[in-house]
Each structure stands twice: as C-alpha cells, then as structure tokens.
Amino acid sequence: MIPQRIQLKFYVTNPETAALDQFINIFHGWIQEQKITDTLLVDVADYQHVPDGPGVILIGLEADYGMDEVGRLGLLYTRKREMADTFELSLRIALGQALTAAKLIEAETDVRFGFDLVEVIVADKLVAPNTDEAFNQFSGDVVTVFAGTLDEKETIGVDRVDNDPRLPLQFRVHLPDTTTLDELMTGSAVTA
C-alpha cells in the first residue's frame, strides 16, 4: 500500500502582504473560473478565528488548498485521494499541483513563497507511521522527486521534523537558497 494523503507546504516570505481575508475571494474565484483542474472545487472555509490554525481553505473533492497559519504562514496543499501506483509518482503529481496553486497565488497577489524549504507531510499513519523505518522507506522518494526538479541531488537535504509517533510522518526538504518557483515547475514538467 502507498500513502493516499500527501501534504506539501510552501512558506510565505512576506507575511505582511498575506492578509487571509483576500484568499476568501481569491479561492471563490478559483471555483467560479475553474482555475484548478486537478480536483472538483467545492467550497471555501474560513478558520481565521482559530489561533495558529488552518486559516482559509479551498475545499476540493480530491485535494484541498489552504493558506495555513500552523507554525508559519504558508500554502498547504492536501491530496486526499490516491493518485498513482507509487509514492514517488504520487508525490511528483502532488508537487506539480501545489506549485500550480503557488503560481496562481503569486500572479493574483503580492504574496511570495520561498522554495528553499518545503514541508512534505505523509498524513496516512496506517501506511506511513512516524517511525524510523517509514522515514527510511519514503525519504529516498522525497529526494528523488525534488532532485528531479533541480537536477542537483547532492544539494538536497531531507530530515524528519519530529519523531513523536502521535504525529504524521513529516519531512523537511532543504533546497538551494536560489530555488525558484519557475525552476521547480519546469523540473516537475508542470504548466500553469
């Protein structure tokens, strides 16, 4: 079995420009204009009242997109259904879809994302518990996917965020400081 729930988070580099209220209208516009084609977009949920919480979420049938305030403000993409026969391919597809959303946000707002640090969360604890074994099993695929976008395997670092078994398995992917959205999109063969 492969994990079905994969999350990616890109952090906002200029949070002063990222008023969450603006994303309610932006996400509603994405629904109306069908700007995201990888999922049936359903609704927008506003959780701004929750401190250090999920912020504003665009809910889709297969995937959700949110401006998430947990930890640091960022775009959190959540794939809720299986995409491919391997974790590597599922992660590659999820990365492409998350990057497409980041590109749309950067085109429609003054918000900018940093791509030198990406969080990858495997939110399927039955298949990928937060253990050393699971980390070792999936970390190679994480490196392969990001290395494929940059053609620089040796400059990519991957570590485990926390070893608490109550939490999902979470990878912190360190990319070169100069990594750009366009570079990642080109390398992952995704077009917006």
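Values in this text are rule-based calculations from the coordinates and carry no lab data. All figures in this text were calculated on a predicted structure; none of them were measured in a lab. As a convention, Cβ positions derive from the backbone with ideal geometry for all residues, glycine included, and neighbour counts pool all protein chains shown.
Among the candidates Val120, Val127, the residue that is touching a residue at least 40 places away in the same chain (Cβ under 8 Å), in contact with a strand residue (DSSP E or B) (Cβ under 6 Å, 6 or more places away or on another chain) and either under 15 Å from Arg5 (Cα atoms) or exposed (fewer than 15 other Cβ atoms within 10 Å of the Cβ) (or both) is uniquely Val120. Do we find a residue being out of contact with any Lys or Arg (no Cβ under 7 Å at 6 or more places or on another chain), farther than 22 Å from Asp141 by Cβ and of a type in the set (Gly, Ala, Ser) anywhere in segment 38-46? Yes, segment 38-46 contains a residue that is out of contact with any Lys or Arg (no Cβ under 7 Å at 6 or more places or on another chain), farther than 22 Å from Asp141 by Cβ and of a type in the set (Gly, Ala, Ser). Annotation: Val111 fulfils all but one of (1) surrounded by fewer than 20 Cβ atoms within 10 Å (Cβ to Cβ); (2) farther than 21 Å from Thr149 by Cβ; the unmet one is (1). If we scan segment 85-95, do we find a residue that is surrounded by 20 or more Cβ atoms within 10 Å (Cβ to Cβ) and in contact with a Pro (Cβ under 7 Å, 6 or more places away or on another chain)? Looking through segment 85-95, at least one residue is surrounded by 20 or more Cβ atoms within 10 Å (Cβ to Cβ) and in contact with a Pro (Cβ under 7 Å, 6 or more places away or on another chain). When restricted to residues that are touching a helix residue (DSSP H, G or I) at 6+ places or on another chain (Cβ under 6 Å), of a type outside the set (D, E, K, R) and not in a strand (DSSP E or B), segment 107-136 contains 2. Residues of segment 5-27 that are assigned to a loop (DSSP other than H, G, I, E, B), touching a residue at least 40 places away in the same chain (Cβ under 8 Å), of a type outside the set (D, E, K, R) and out of contact with any Leu (no Cβ under 9 Å at 6 or more places or on another chain): Thr13, Asn14.
Residues in segment 137-178 that are in a loop (DSSP other than H, G, I, E, B) and farther than 19 Å from Ser90 by Cβ: 13 in all. Candidates are the residues of segment 119-147 that are touching a Phe, Trp or Tyr at 6+ places or on another chain (Cβ under 8 Å) and of a type in the set (Gly, Ala, Ser); the one that is nearest to Arg79 (Cα to Cα) is Ala128.
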